[in-house]
Amino acid sequence: MTTVPQPTAETRWRCALCGNLTRFDVTRSSKVVEYVHLDLAGEPKVEEREVLSETIESVRCRWCNAVDQIELVDKPGVES
Ligand SMILES: [Zn+2]
């Protein structure tokens with residue numbers, strides 16, 4: 001499994017192959033606790049969701065379909 005770099009406050013994802021900055025399919029696995037509130041008819045509604053852990057497993061570029069060819073670049077306007 002390839003490690004996908006995490007974007008930070010100053011950086012964003014960029015597809016290393018085609019330069020796409022804006023469109024990705026992100027496969028994410030997460031462990032969450034949900035507060036499920038059922039109404040009297042038995043219809044559940046999730047009112048709170050707490051993320052305990054979250055892992056990005058892969059990122060696929062929507063433009064060229066490259067998988068895990070993601071690099072981090074500076075966001076526009078950020079002084080380096
Ligand atoms: Zn791409």
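The values are calculated or read from the model by the stated rules, or taken from the named source; none is laboratory data. The shown structure was predicted, so the numbers you read here are calculated from the model rather than taken from an experiment. Cβ placement follows ideal geometry from the backbone for every residue including glycine, while neighbour counts extend to all protein chains displayed.
Please verify whether the stretch 32-49 includes one or more residues that are modelled with pLDDT of 95 or more, within 16 Å of the ligand (Cβ to nearest atom), exposed (fewer than 11 other Cβ atoms within 10 Å of the Cβ) and within 19 Å of the chain's Cα centre (by Cα).
Keep residues of the stretch 32-49 that are modelled with pLDDT of 95 or more, which gives 32-49.
Of the ones still in play, those that are also within 16 Å of the ligand (Cβ to nearest atom) are none.
Looking for residues that are modelled with pLDDT of 95 or more, within 16 Å of the ligand (Cβ to nearest atom), exposed (fewer than 11 other Cβ atoms within 10 Å of the Cβ) and within 19 Å of the chain's Cα centre (by Cα), one finds none in the stretch 32-49, hence no.
If you scan the stretch 1-31, which residues turn out to be of a type in the set (Val, Ile, Thr) and either in a strand (DSSP E or B) or at pLDDT 95 or above (or both)?
Within the stretch 1-31, Thr11, Thr22, Val26, Thr27 meet the criteria.
Of everything in the stretch 9-31 that's under 15 Å from the mean Cα position of the chain (by Cα), farther than 14 Å from Val59 by Cα and surrounded by 11 or more Cβ atoms within 10 Å (Cβ to Cβ), which residue is farthest from the ligand (Cβ to nearest atom)?
Filtering the stretch 9-31 for residues that are under 15 Å from the mean Cα position of the chain (by Cα), farther than 14 Å from Val59 by Cα and surrounded by 11 or more Cβ atoms within 10 Å (Cβ to Cβ), the one farthest from the ligand (Cβ to nearest atom) comes out as Ser30.
Are any residues in the stretch 50-72 of a type outside the set (A, V, I, L, M, F, W, C), within 16 Å of the ligand (Cβ to nearest atom) and outside any loop (DSSP other than H, G, I, E, B), and if so, which ones? Explain how you work it out, then say what you get.
In the first step, residues of the stretch 50-72 are kept if they are of a type outside the set (A, V, I, L, M, F, W, C); the result is 50, 53-55, 57-58, 60, 62, 65, 68-69, 71.
From the residues that got through so far, the ones that are within 16 Å of the ligand (Cβ to nearest atom) too are 58, 60, 62, 65, 68-69, 71.
Passing the criteria: Ser58, Arg60, Glu71.
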